[in-house]
Amino acid sequence: MKFYKPDNLNELLGYINNLENKFYLLAGGTDINVQIKNGFINDEEIIYINHLDELRNIEDSERELKLGTLVTFAEILNSDLISNNFPFLQESLKNFASPLLQNMATIGGNIANGSPTADVLPLLLVLEAKLELVSSNSSRVVEIKDYFTGYKKTLLKSDEIIKNIILSKDKYHLFTKKLYKKVGARNALTIAKAAIACLIKTNNQVIEDFVIAAGSLNEFARRLYRVENYLIGKKFSELDYTEIETLLRKEITPISDIRSDKEYRFQVFYNLLENFLTV
Ligand SMILES: Cc1cc2nc3c(=O)[nH]c(=O)nc-3n(C[C@H](O)[C@H](O)[C@H](O)COP(=O)(O)OP(=O)(O)OC[C@H]3O[C@@H](n4cnc5c(N)ncnc54)[C@H](O)[C@@H]3O)c2cc1C
């Protein structure tokens, strides 16, 4: 295993561009170090990036907030810019791991690691976040809903990294009610068995807008468009919960594993959604 520490972003991207071996970035190290320790990573190159302050900014502008990939969960929880613009994001991440982990774990690492259980993904999906991906000779912005293409598979090219996470302020303030819930075996230091994020805009008992995302229930966290399309434009009194359950069963395909049973996962998710729509 070879270890490399670039002096700046340009050097990092140039190095990656010329690299033939598979590599991993070491940002906070909270995922990658576990994989190294367990022997899943052996011959690959490890590139340390945690010292690159140019990837750690939170930039505010009139219409968006840009979070550098190295922004940690502790920084998210303590940021005035985030509490002023996206209090829902801050509130929702309070139970991320533990204070120790919050100080190390980065938002970019949480996305890039590609776990279906990553806490930040359902939130970024309903906030319609975008990712800025850069290489030594390109820069592009993709929507987070398109980023994952399969289990731990993404559209990131081999010479690209995630540089920024972009949150648009345009729609956020229009939503009248918000929910994020991560269900695990305990409150602290828990991995989600199921996670739900949803935002709703209502007017005179009519659902004018609705976005929902699920974590831990498919091969990657995703928006549930069938449910959204069914709900938007309906009055609460018109909702057919049998139909909602049928649509949900088409969109979430939980598995049974050491953490939970697939029907339990489904039922918990359904109950959280029903509760959100009826209370
Ligand atoms: C005890 C424990 C508890 C945990 N609890 C939680 C929890 O409650 N919720 C949760 O969601 N996760 C949890 N995790 C998982 C982990 O902490 C998070 O996924 C974390 O956000 C990963 O970020 P990192 O900076 O440590 O990533 P790293 O370990 O440094 O990197 C992870 C992966 O991302 C890639 N990567 C990192 N940055 C970039 C980038 N900018 N561009 C492209 N690829 C990149 C690396 O190559 C690597 O493959 C826990 C882990 C541990 C060990």
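Of the residues Asn38, Asn95, the single one that is without any contact (Cβ under 8 Å) to a residue 12 or more places away in the chain, within 13 Å of the ligand (Cβ to nearest atom), farther than 20 Å from Glu128 by Cα and open to solvent by 30 Å² or more (accessible area, probe 1.4 Å) is Asn38. The set of residues in the stretch 98-118 that are surrounded by fewer than 24 Cβ atoms within 10 Å (Cβ to Cβ), under 11 Å from the mean Cα position of the chain (by Cα) and of a type outside the set (S, T, N, Q) comprises Ala112, Gly114, Pro116.
When the residues of the stretch 18-34 are narrowed to those that are part of a helix (DSSP H, G or I) and surrounded by 13 or more Cβ atoms within 10 Å (Cβ to Cβ), which ends up farthest from the chain's Cα centre (by Cα)?
Out of the qualifying residues, it is Asn33.
Return yes when Lys250 is in a strand (DSSP E or B) and open to solvent by 70 Å² or more (accessible area, probe 1.4 Å) and no when it is not.
Details: in a strand (DSSP E or B): no; open to solvent by 70 Å² or more (accessible area, probe 1.4 Å): yes.
Judged against the criteria, Lys250 is not a match.
The set of residues in the stretch 20-35 being near the ligand (Cβ under 7 Å from one of its atoms) and of a type in the set (A, V, I, L, M, F, W, C) consists of Leu25, Leu26, Ala27, Ile32, Val34.
The set of residues in the stretch 241-260 that are over 23 Å from the mean Cα position of the chain (by Cα) and at pLDDT below 95 is empty. Of note, Ala195 satisfies the criterion of being within 19 Å of Ser256 (Cβ to Cβ), open to solvent by less than 30 Å² (accessible area, probe 1.4 Å) and outside any loop (DSSP other than H, G, I, E, B).
Is the stretch 120-135 home to any residue that is more than 21 Å from Glu219 (Cα to Cα), of a type in the set (S, T, N, Q) and in contact with an Asp or Glu (Cβ under 7 Å, 6 or more places away or on another chain)?
yes
Restricting Lys178, Lys163 to those that are within 15 Å of the ligand (Cβ to nearest atom) and either within 18 Å of Gln267 (Cα to Cα) or in a strand (DSSP E or B) (or both) reduces the list to Lys163.
Of all residues in the stretch 52-66, those satisfying the criterion of being open to solvent by less than 60 Å² (accessible area, probe 1.4 Å) and in contact (Cβ under 8 Å) with a residue 24 or more places away in the chain are Leu52, Leu55, Ile58, Leu65, Lys66.
The values are calculated or read from the model by the stated rules, or taken from the named source; none is laboratory data. Computed from a predicted structure; not experimentally measured. Positions of Cβ are generated from backbone atoms using ideal geometry, with glycine treated the same way; all protein chains shown enter the neighbour counts. All accessible areas refer to the heavy atoms of the entire protein, side chains included, with ligands and DNA or RNA removed. Shrake-Rupley method; radii C 1.70, N 1.55, O 1.52, S 1.80 Å.
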